[in-house]
Structure formats: C-alpha cells, structure tokens
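The structure under discussion appears below in the form of structure tokens.
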Amino acid sequence: GSSERKLYLKVKSGSGRLTVMSVTTATEDKVWVKRVLVPIANGSEELEFCTIVDLLRRGGLDVTVASVEDSLVVTCSRKVKIEADTLLSSLLEDSSFDLIVLPGGGPGSRTLGACEKLIEMLRKQSSDQTKYYAAICAAPALALASNGLIGTRLATAFPSLQSKLPNQQSVSEAVVVDGNLITSQGVGTAAPFALKLIELLSGLEVANKVAKEALIRF
C-alpha cells in the first residue's frame with residue numbers, strides 16, 4: 001500500500017533570505033536521505049574533495065562540509081579556496097552521520113588527524129557497524145592510521161605513504177573496503193572511491209546512474 005510522503009527542506013539564512021540547500025523525500029516511517037560529513041582543512045587536496053562532494057550530492061546524499069580551521073574558507077593544496085558549510089567546532093556533540101569521509105593532501109590530512117573533535121567522532125563511527133568512515137590519498141595514513149583507526153584492517157593510501165599502513169595485503173588496490181572502512185589512493189581514484197561510497201549508502205543502481213550521467217566507467 002501507499003503511505004504519506006513528506007518533504008524535508010534543509011535551508012540556510014543569509015542576506016535576509018532563506019536558501020533551500022536540499023530537499024529530502026520521506027515516507028511516514030523512513031527518511032531516505034543519508035547524511036555525510038566531509039571535513040576539510042588548509043592543505044586538503046581540492047580535486048579529491050570536489051570529486052567526492054560533487055558525486056555524493058549527485059547521488060542524492062546530504063553532504064555537510066565542515067572546516068576544522070577557525071575560518072569557513074580554507075586554502076587547499078593547489079591554492080584553490082573553498083568555503084565550508086560550517087565549522088566542525090560548531091557541530092552539536094550528538095551530531096550523527098552515516099558516513100564521514102576525509103579528503104587527502106599531506107598538510108590537510110595532518111591537520112585533520114590532529115583535530116581532537118574529529119578523531120573522537122571517527123572513533124565512534126568506526127565502532128558502529130551501521131555507519132561508515134572513509135579516507136583517500138594521504139588521509140588513511142596521516143589521519144586514520146596515525147590515530148589507531150585502521151589497525152590490522154585492509155586499506156590503501158597514496159603510494160608513498162602505503163608503508164605506514166599496518167596491513168599491506170591490499171595496498172595496491174584503487175579502492176579497498178573492509179567492514180565499515182573504505183580507503184583509496186588519490187586523485188585518479190577519487191571518482192571510483194566516491195561511487196563506491198554511493199553504492200554502500202544508496203545501492204548499486206544509484207551509483208551506476210551517477211556514473212553514467214557523469215560519463216565515468218564504474
């Protein structure tokens with residue numbers, strides 16, 4: 001049978017007006033959209049960041065970009081400036097996300113790994129098998145492994161940093177999934193990485209649709 005459908009609007013205010021940021025369709029008993037947190041710092045890799053955020057949003061996911069710096073605007077590794085949606089420090093303590101995904105970039109990954117609030121969120125995320133956490137490029141080594149968030153799980157990272165991963169079995173793979181941890185190597189693997197995240201959160205059909213529309217082989 002059919003059930004009543006409702007619309008949930010995510011809005012932000014500014015300059016005296018409200019801007020609709022996303023629209024979520026839900027039934028009475030289930031909200032369909034999944035929430036994703038993408039933290040970003042000065043020195044994060046912008047192409048990885050933009051690929052991840054763009055494709056996840058194309059897949060209908062509710063993505064929040066949070067700066068771990070004191071400013072919403074961060075300067076990425078190739079001097080591209082990106083304005084985050086919010087400061088990580090402004091997130092409520094009980095904020096819940098279905099996925100937390102870290103972009104790479106050496107300096108940015110080190111800053112993410114040094115952010116106590118983010119690492120605490122990632123520890124909770126890693127221990128909840130109904131939720132996912134992910135990282136690409138330098139972040140698996142410099143943000144996750146450095147904080148004991150990979151352990152002996154299968155993972156990969158940027159080639160020059162793969163030696164920092166405890167388990168070397170799958171480091172040559174472009175995208176590695178082990179339980180609720182997903183890792184990837186870098187800029188050239190960012191698209192299949194993001195599509196795998198969409199597949200895990202929303203299903204293969206949605207991931208294939210996004211890939212087809214974006215002309216990506218998946």
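Return the pairs, sorted by first residue and then second, in which the second residue is open to solvent by 60 Å² or more (accessible area, probe 1.4 Å) and outside any helix (DSSP H, G or I), the first residue lies in the stretch 42-55 and is among the aliphatic types (A, V, I, L, M), the beta carbons are less than 6 Å apart, and the residues are 6+ apart or on different chains.
Once the first residue is among the aliphatic types (A, V, I, L, M) and sits in the stretch 42-55, no partner that is open to solvent by 60 Å² or more (accessible area, probe 1.4 Å) and outside any helix (DSSP H, G or I) comes close enough.
Hey, among S71, S67, which residue is hydroxyl-bearing (S, T, Y) and open to solvent by 30 Å² or more (accessible area, probe 1.4 Å)? Quick ask: steps written out before the conclusion?
Values: S67 fails: open to solvent by 30 Å² or more (accessible area, probe 1.4 Å).
After applying the criteria, what remains is S71.
When you look at E173, is it at pLDDT 95 or above and more than 16 Å from I52 (Cα to Cα), yes or no?
In short, yes.
For the stretch 168-197, which residues satisfy the criterion of being open to solvent by 40 Å² or more (accessible area, probe 1.4 Å), of a type in the set (V, I, T) and closer than 21 Å to L122 by Cβ?
Listed by number, the list holds a single entry, V177.
What number goes with the only condition from (1) closer than 23 Å to K34 by Cβ; (2) in contact (Cβ under 8 Å) with a residue 24 or more places away in the chain; (3) open to solvent by 60 Å² or more (accessible area, probe 1.4 Å); (4) within 20 Å of the chain's Cα centre (by Cα) that E213 does not pass?
Of (1) closer than 23 Å to K34 by Cβ; (2) in contact (Cβ under 8 Å) with a residue 24 or more places away in the chain; (3) open to solvent by 60 Å² or more (accessible area, probe 1.4 Å); (4) within 20 Å of the chain's Cα centre (by Cα), only one is false for E213: (4).
Collect the residues in the stretch 74-89 that are among the acidic types (D, E) and open to solvent by 70 Å² or more (accessible area, probe 1.4 Å), keeping them in residue-number order.
Within the stretch 74-89, the subset among the acidic types (D, E) is 83, 85.
Within the stretch 74-89, just E83 meets the criteria.
Is the stretch 158-165 home to any residue that is out of contact with any strand residue (DSSP E or B) (no Cβ under 7 Å at 6 or more places or on another chain) and free of Cβ contacts under 8 Å to residues at least 12 places away in the same chain? Spell out the reasoning first.
Residues of the stretch 158-165 that are out of contact with any strand residue (DSSP E or B) (no Cβ under 7 Å at 6 or more places or on another chain), as a first pass: 158-165.
Narrowing the set further to residues that are free of Cβ contacts under 8 Å to residues at least 12 places away in the same chain leaves 160, 163.
Checked against the condition, which is being out of contact with any strand residue (DSSP E or B) (no Cβ under 7 Å at 6 or more places or on another chain) and free of Cβ contacts under 8 Å to residues at least 12 places away in the same chain, the stretch 158-165 yields at least one hit.
Yes/no matrix, rows are residues, columns are (1) within 17 Å of the chain's Cα centre (by Cα); (2) closer than 16 Å to E46 by Cβ:
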| residue | (1), (2) |
| --- | --- |
| V80 | no, yes |
| A84 | yes, yes |
| D94 | no, no |
| F97 | yes, no |
| A114 | no, no |
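Of the residues L92, L47, L56, only one is within 20 Å of S184 (Cα to Cα), open to solvent by 40 Å² or more (accessible area, probe 1.4 Å) and either at pLDDT below 95 or among the aliphatic types (A, V, I, L, M) (or both); which?
Values: L92 fails: within 20 Å of S184 (Cα to Cα); L56 fails: open to solvent by 40 Å² or more (accessible area, probe 1.4 Å).
That would be L47, the only listed residue that is within 20 Å of S184 (Cα to Cα), open to solvent by 40 Å² or more (accessible area, probe 1.4 Å) and either at pLDDT below 95 or among the aliphatic types (A, V, I, L, M) (or both).
Out of L165, L161, L200, which single residue is open to solvent by less than 20 Å² (accessible area, probe 1.4 Å), of a type outside the set (G, A, S) and at pLDDT 95 or above?
Answer to the selection: L165.
I need every pair where a residue in the stretch 120-131 that is over 12 Å from F97 (Cβ atoms) has its Cβ under 7 Å from the Cβ of a residue that is surrounded by fewer than 12 Cβ atoms within 10 Å (Cβ to Cβ), sequence separation at least 6 or different chains.
Final answer for the pair search is Q129/G179.
The values are calculated or read from the model by the stated rules, or taken from the named source; none is laboratory data. Please read all numbers here as calculations on a predicted model, not as lab measurements. Here the Cβ is made from the backbone with ideal geometry for all residues, glycine too, and neighbour counts use every protein chain on show. Ligands, DNA and RNA are stripped out before the accessible areas are found, and what is left, the full protein with its side chains, is counted by its heavy atoms. Shrake-Rupley method; radii C 1.70, N 1.55, O 1.52, S 1.80 Å.
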